[in-house]
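First comes the structure, then the notes that go with it.
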Amino acid sequence: MRVLTVENVKKVEALANESGISYLQLMENAGSYCARVIRKTYANTEKRNVLIICGKGKNGGDGYVIARKLHENGYNVTVMLTMGLPVDNISAEMLSRVRALDIPVVNFDEQGSTDILFNRSQLIVDCIFGVGFHGEPDVTTASVINKINSSSATVVSIDIPSGLEGDSGKVNDKSVVADMTIAVLTLKPVHVLKPSIENCGKVVLAPIGIPDKCFGKVPASLFTMNTDEIKAFFTRRDAMSHKGTYGTVLVIGGSYEMPNAVYFASQGAVNSGAGLVKVAFPAVMYSAIAPKTYEQTLVPLESNKAGRISQNAIKRLEKELKKCSCVLIGCGMGTDDDTKAVTQFVIENSEVPIIIDADGINCLKGNIDLIDKAKAPVVLTPHPKEMSRIADVSVEEIQENRGAVVGSFTKAHNATLVLKGASTLVGCTEYDDMYVNSSGNPGMATGGSGDVLSGVIASFVTQGMDVFRSAIAGVYVHGLAGDDVTRKYSMMGNTPSLILKELPLTLGKIE
């Protein structure tokens, strides 16, 4: 599903206007559709007292249309102005139509005389700010927003919850927390990024009659997907298939200090359908991993003094690289001269796709250009701290503008990048499109969860899926499994082991 920036939304609306659909008609369509959504959503309730709170811009104009339509359908509607009269002619026209129906129109009173309206309202429709808002609300508007959030009424925001910014996932304590947000025309970044998505509540899309040809002239660069869309990435298994049909994943990593990371990664690959999974690890951790890995083939390697993979194991790895369909390197591997040498060898010599996670990424600090020498596609799966190391950008800067960081990196390097965290982003060098994940929850913020994810991505690659799609599908399926775990158990009790257990059941929704 396309996600448009505020600038591109304006371009689409301008193209629609040029094609003969006036801005006034677009506002009429938007308000009418939003009113219809409100009526249908709350048809079987007693929510008939509606307070529509309008700002001075076009978002307020949508509110005037909603007021008129709900009034015509028997609702008790009051319109509240927060910043005085509208500043644009179209919204002013819509307000005049409201006044013609004798719908009460009042000004917000900071002294409290309008508090009775907040107290008696069963539905509050938030039309204060639209997607073009930036910064923080002024003192008066912040007071209105506080009263909205303190009210017992159900809150519906039109386009975005007021106080948020259309192109950002940022939130502040002066923004509306809605029960439902009706996204006009298309989704915007605020509707799909975290934590802003939490303020949106249920998001409903409101098409407003703009033809597809207008969208075609303003291509989206950000997408999100649902389960049905992810299903299209997968093909039904052939009745005559065998384990070789679904490839071999080679997982390289682990260390004396962190023996379980490669278990989580390799088991993630097993539980998501890889034909065969091999685990290459320092022999010193054999007794720690062997009792757990029932379905994997073990490849113990020479260890160095620190209990990590020695570069003396490169000859053995060279043989294993020729027998696999995808290689995953880095989980729990540690960083020293030996593991850096092993990482460099794999990147320079593998002829099959390479997934680089955790310490594999850390081994590239100061040497990230190495991935541009790879013979095969490369996927990097950093969390923000790891991204900071290879991009030489602070974690704060990364979190402030995750999309820009992903876009900049994939333009500079030949790779698919999975920037993990809330609203995981997937971008690649080949396409301008960027994917924002819609599944997953904070309960998954535990050690080992990322190892499972890298294993799932490697599994999808080795089964023949395109690398970029494998990253998108892997992130979504992994998050969906985490959501299922939270639903069945709890958010605090969400663990990598439970995600592994849930993966086969989650894939049942995809097959």
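The values are calculated or read from the model by the stated rules, or taken from the named source; none is laboratory data. Treat the numbers as computed from the prediction; the structure is a model and nothing was measured. Cβ: placed from backbone, ideal geometry, glycine included. Neighbour counts: every protein chain shown.
Just so you know, in the stretch 210-224 the residues that are part of a loop (DSSP other than H, G, I, E, B) and under 22 Å from residue 472 (Cβ atoms) include one that is nearest to the chain's Cα centre (by Cα), and it is 224. Pairs linking a residue in the stretch 437-449 that is over 22 Å from residue 269 (Cβ atoms) to a residue that is of a type in the set (Phe, Trp, Tyr) and buried (at least 16 other Cβ atoms within 10 Å of the Cβ), with Cβ atoms under 9 Å and 6 or more positions apart or on different chains, are 438/476.
Evaluate the stretch 475-490: report whether one residue or more is in contact with a strand residue (DSSP E or B) (Cβ under 8 Å, 6 or more places away or on another chain) and in a helix (DSSP H, G or I). Before you say what the answer is, go through the steps one by one.
Here is the first cut: in the stretch 475-490, the residues in contact with a strand residue (DSSP E or B) (Cβ under 8 Å, 6 or more places away or on another chain) are 475.
Narrowing the set further to residues that are in a helix (DSSP H, G or I) leaves 475.
Checked the stretch 475-490: at least one residue is in contact with a strand residue (DSSP E or B) (Cβ under 8 Å, 6 or more places away or on another chain) and in a helix (DSSP H, G or I).
Please tell me if residue 356 is under 30 Å from residue 195 (Cα atoms) and at pLDDT 95 or above. Yes.
Here is a yes/no grid of residues against (1) under 30 Å from residue 298 (Cβ atoms); (2) surrounded by fewer than 17 Cβ atoms within 10 Å (Cβ to Cβ); (3) out of contact with any strand residue (DSSP E or B) (no Cβ under 6 Å at 6 or more places or on another chain):
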| site | (1), (2), (3) |
| --- | --- |
| 192 | no, no, no |
| 212 | no, yes, yes |
| 227 | no, yes, yes |
| 259 | yes, no, yes |
| 271 | yes, no, yes |
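Filtering the stretch 378-420 to residues that are over 15 Å from residue 454 (Cβ atoms), touching a residue at least 24 places away in the same chain (Cβ under 8 Å) and either in the same structural domain as residue 193 (by TED's automatic domain parsing) or not in a helix (DSSP H, G or I) (or both) leaves 413, 414. Which of the following residues is assigned by TED's automatic domain parsing to the domain that holds residue 380, assigned to a helix (DSSP H, G or I) and either in contact with a Phe, Trp or Tyr (Cβ under 8 Å, 6 or more places away or on another chain) or free of Cβ contacts under 8 Å to residues at least 60 places away in the same chain (or both): 498, 503? From the options 498, 503, the qualifying one is 498. Look at the stretch 205-234 and say how many of its residues are more than 30 Å from residue 19 (Cβ to Cβ) and free of Cβ contacts under 8 Å to residues at least 40 places away in the same chain. Residues in the stretch 205-234 being more than 30 Å from residue 19 (Cβ to Cβ) and free of Cβ contacts under 8 Å to residues at least 40 places away in the same chain: 2 in total.
You will find that of 379, 342, 346, the residue that is under 34 Å from the mean Cα position of the chain (by Cα) and under 21 Å from residue 273 (Cβ atoms) is 379 and no other.
Taking residue 355 as the residue in question, decide whether it is touching a strand residue (DSSP E or B) at 6+ places or on another chain (Cβ under 8 Å) and in contact (Cβ under 8 Å) with a residue 60 or more places away in the chain. So residue 355 passes the test. In the condition set (1) surrounded by fewer than 22 Cβ atoms within 10 Å (Cβ to Cβ); (2) out of contact with any Leu (no Cβ under 9 Å at 6 or more places or on another chain); (3) within 17 Å of residue 67 (Cβ to Cβ), residue 143 is compliant with all but (3). All conditions in (1) in contact with a strand residue (DSSP E or B) (Cβ under 9 Å, 6 or more places away or on another chain); (2) without any contact (Cβ under 8 Å) to a residue 24 or more places away in the chain hold for residue 103, with the sole exception of (2). All of (1) within 27 Å of residue 5 (Cβ to Cβ); (2) buried (at least 24 other Cβ atoms within 10 Å of the Cβ) hold for residue 429 with one exception: (2). Note on the stretch 421-436: among residues that are without any contact (Cβ under 8 Å) to a residue 40 or more places away in the chain and outside any strand (DSSP E or B), the one that is nearest to residue 269 (Cα to Cα) is 421. From the list 337, 372, the lone residue that is surrounded by fewer than 17 Cβ atoms within 10 Å (Cβ to Cβ), in contact with a His (Cβ under 9 Å, 6 or more places away or on another chain) and farther than 28 Å from residue 169 by Cβ is 372. Checked against the criteria, residue 424 counts as of a type in the set (Val, Ile, Thr) and closer than 30 Å to residue 218 by Cβ.
Could you please let me know if residue 366 is more than 21 Å from residue 190 (Cα to Cα), surrounded by fewer than 17 Cβ atoms within 10 Å (Cβ to Cβ) and not β-branched (Val, Ile, Thr)? Write out each step before concluding.
Working: more than 21 Å from residue 190 (Cα to Cα): yes; surrounded by fewer than 17 Cβ atoms within 10 Å (Cβ to Cβ): yes; not β-branched (Val, Ile, Thr): yes.
Yes; evaluated as a whole, the condition is true for this residue.
Kindly establish whether residue 312 is surrounded by fewer than 18 Cβ atoms within 10 Å (Cβ to Cβ) and among the polar types (S, T, N, Q). Show your work before the answer.
Details: surrounded by fewer than 18 Cβ atoms within 10 Å (Cβ to Cβ): yes; among the polar types (S, T, N, Q): yes.
Here the answer is yes, as residue 312 does meet what is asked.
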